[in-house]
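First up is the structure itself, then whatever we jot down about it.
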Amino acid sequence: MVNTLPGGSVAPQGTQSRRPRGRGLAALALWSGLGSLGGAQTPPPAGASASGGAAPPSLLNAQGRVEISGPGGIWQAQSAATEITTRLRTGTGRAVLQEGRQGQLIVGSASELRRYQDEADLLSGRFFLRGPVAVHVAGHHVVMDGPGQLRVDLGPTERRVAVIAGRLRIALRGQTVEVGAGQQVALDSGRLSPFRETDPWYAAQFRGLGAATVEAVRGPVRLLERGNTRLAGLGDDLTAGTAMNTGADAWAEIGFSGGGYLRLNAQSELKVLSIERTSAGREVLLKLEKGTAWNVVEKGQGGYRIDTPVVSTAVRGTVFRVDASGLVKVFDGQVALPGQAAGPGGAEGVVGQDQQRGAGGGLMPLQLDAVDRFNIAQDAARAQPLTLALDLPGRSLQELALAARSLPDAQVTLTVAGQTLPLTGENGTFRLERLKTALPEGQYTVIVRAQRYGQSLTRRQTVTVDRTPPQLGNLSVTRVGRLLTVSGVVTDAGGSRVGLSLEVGGQRYRRWVDPRTGGRFSWSVPLPYPGASAQLTLQDSAGNRSHAQLP
């Protein structure tokens, strides 16, 4: 027996024609306008109602770049909840829409839809829907009467509708085809085939509060931004669309201003899906494309989700590891796996503390491997408090040189005269022997900064670059018997004390003169014998010297 739907469409034997929930007779009448046998259906003229009193599609929230076509066809960014009256498209990000009175539609990145007949008309990209819903998909009407889940993929190589849970009807090639859970239908050929979810992108979220910033880098770590590749550095802020890639024996840490961090292990790739503003502040959504991500979520920070090609994890704990292969290990707290069933002995879809779920599914006791031990050791190293001590040879210098002491794996930089350069170190001592380009004489503020795992310490010191020897003026020398008296005025550009050294007949005498208080001095020393030679040497704190042979 074949059931006939309004408008001449037919349903396979054993199916039942049912009215789409919440849409009334006007929704059923739409089936008669979806085209003819053997070809793609052509929608009815714009403006024809298909949903009666049903709620039109409305944007609930936006993540990343979401735009709506405004007057004159100009695309405008949209983040607030609003009714969709024209078209909506996404860049790097996603949108969540209410479809009908009870349904929900998630629009993936690089996707576009329009409002048609008070329903969503999916044009390109990928979509996830929760029933009950009724939408158009590339000219085909799709109805899911009750609760359920489906996904739509409209790409250059794949055009399909797949059912994850529940059942739907689709107007296809002049007939109505029912598709059940675990089935998919190809829109171009109408072929039904089995479906198994392997890419739950719609649950693809790793949320970190605030900005995402590179806090540590070891080895070759590259950032791909707008088609350009560069090396990652400390303090780099990751923007929507940025991908991070680690080479062999390399790793990087991303910290969130709301707390917590992610360590991307060697030979891994992570992509920033979007950066959005919410009532709680800014949130960052990440996707693990390949490799391993080690995650430490601070208590009270909030929930996390991270997507892999195999599973999507929702975090309710603090320390866990997830691999792109689907391996999930929990060291503290617990991780939920949306849509996944756990193995024997575990709660459905939850990996608890000291448990792991293999790539093929099933729970088992936690077993440490080399990757785990490496990350545990890195966490312990990260927990050490940062230190920084600065050692300058003096306040006045001929050439800038200094030493700084910090933790051996800290990154230490020097900033002076508007230029910043890294300091190389060994065993925790970082040195600057001299600058490649000498500083002109004058006073400078030297800033030394140590950074490590998101911690930062700064030390400042004012120094004077001085290469001018001290000057001696108004020199007067008298010899009376066995007594030599020297007087004069000392000036110096460095503005600090000047040391005087008087050598008489092999004997050496020393004293200090302060040019800042006038620099005048009168100095009497014994003569070892009449006519003994005498020489006066002046040396400032920068090491500059001048000499005077005394009569």
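The values are calculated or read from the model by the stated rules, or taken from the named source; none is laboratory data. Since we're looking at a predicted model, the values are computed, not measured. Glycine also receives a Cβ, built like all others from the backbone with ideal geometry; neighbour counts cover every protein chain displayed. Side chains included, ligands, DNA and RNA excluded: accessible areas come from the protein's heavy atoms. Shrake-Rupley method; radii C 1.70, N 1.55, O 1.52, S 1.80 Å.
What to note about this one:
- Every listed requirement among (1) at pLDDT below 90; (2) in a loop (DSSP other than H, G, I, E, B) is met by Ser456 save one, (2).
- Contact annotation: residue pairs with Cβ atoms under 7 Å, 6 or more positions apart or on different chains, pairing a residue in the stretch 135-164 that is open to solvent by less than 40 Å² (accessible area, probe 1.4 Å) with a partner that is of a type in the set (S, T, N, Q), are Gly139/Gln41; Gly139/Thr42; His140/Gln41; Leu154/Ser124; Arg160/Gln184; Val161/Gln184; Ala162/Gln184; Val163/Gln183.
- Gly454 falls short on exactly one of the conditions (1) in contact (Cβ under 8 Å) with a residue 24 or more places away in the chain; (2) open to solvent by 80 Å² or more (accessible area, probe 1.4 Å), and that condition is (2).
- Selected residue (criterion: modelled with the lowest pLDDT) from residues of the stretch 59-115 that are open to solvent by less than 30 Å² (accessible area, probe 1.4 Å), out of contact with any Lys or Arg (no Cβ under 8 Å at 6 or more places or on another chain) and not hydrophobic (A, V, I, L, M, F, W, C): Arg94
- Residue among Gly362, Gly349 that alone is over 24 Å from Leu285 (Cβ atoms) and at pLDDT 65 or above: Gly362
- Within the stretch 179-188, considering residues that are within 14 Å of Met144 (Cα to Cα) and touching a Gly at 6+ places or on another chain (Cβ under 9 Å), the one surrounded by the fewest Cβ atoms within 10 Å (Cβ to Cβ): Gly180
- If you go through the stretch 226-250 and pick out every residue that is in contact (Cβ under 8 Å) with a residue 60 or more places away in the chain, within 19 Å of Trp294 (Cβ to Cβ) and open to solvent by less than 40 Å² (accessible area, probe 1.4 Å), you end up with 0.
- Single condition Ser487 does not satisfy, out of (1) at pLDDT 95 or above; (2) among the polar types (S, T, N, Q); (3) within 30 Å of Asp409 (Cα to Cα): (3)
- Matching residues, the stretch 165-178, being surrounded by 19 or more Cβ atoms within 10 Å (Cβ to Cβ) and among the small types (Gly, Ala, Ser): Ala171
- A count restricted to the stretch 114-138 and to residues that are within 16 Å of Val96 (Cβ to Cβ) and of a type in the set (Phe, Trp, Tyr) stands at 2.
- Subset tally (residues that are of a type in the set (A, V, I, L, M, F, W, C), part of a loop (DSSP other than H, G, I, E, B) and modelled with pLDDT of 70 or more) for the stretch 331-346: 1
- Here Leu223 fulfils each of the conditions (1) touching a residue at least 24 places away in the same chain (Cβ under 8 Å); (2) in a strand (DSSP E or B); (3) surrounded by 19 or more Cβ atoms within 10 Å (Cβ to Cβ); (4) touching a Lys or Arg at 6+ places or on another chain (Cβ under 9 Å) apart from (1).
- Positions within the stretch 167-176 being in contact (Cβ under 8 Å) with a residue 24 or more places away in the chain and either among the charged types (D, E, K, R) or closer than 18 Å to Gln149 by Cβ (or both), in sequence order: Leu168, Arg169, Ile170, Arg173
- On the stretch given as the stretch 505-534, residues that are within 25 Å of Gly394 (Cβ to Cβ) and out of contact with any Phe, Trp or Tyr (no Cβ under 7 Å at 6 or more places or on another chain) total 13.
- Among strands (runs of 3 or more DSSP E) entirely within the stretch 481-532, having at least 1 residues that are under 60 Å from the mean Cα position of the chain (by Cα) and surrounded by 19 or more Cβ atoms within 10 Å (Cβ to Cβ) singles out 483-491, 498-504, 507-513.
- Within the stretch 415-453, if we keep just the residues that are basic (Lys, Arg) and within 29 Å of the chain's Cα centre (by Cα), the residue that is modelled with the lowest pLDDT turns out to be Arg452.
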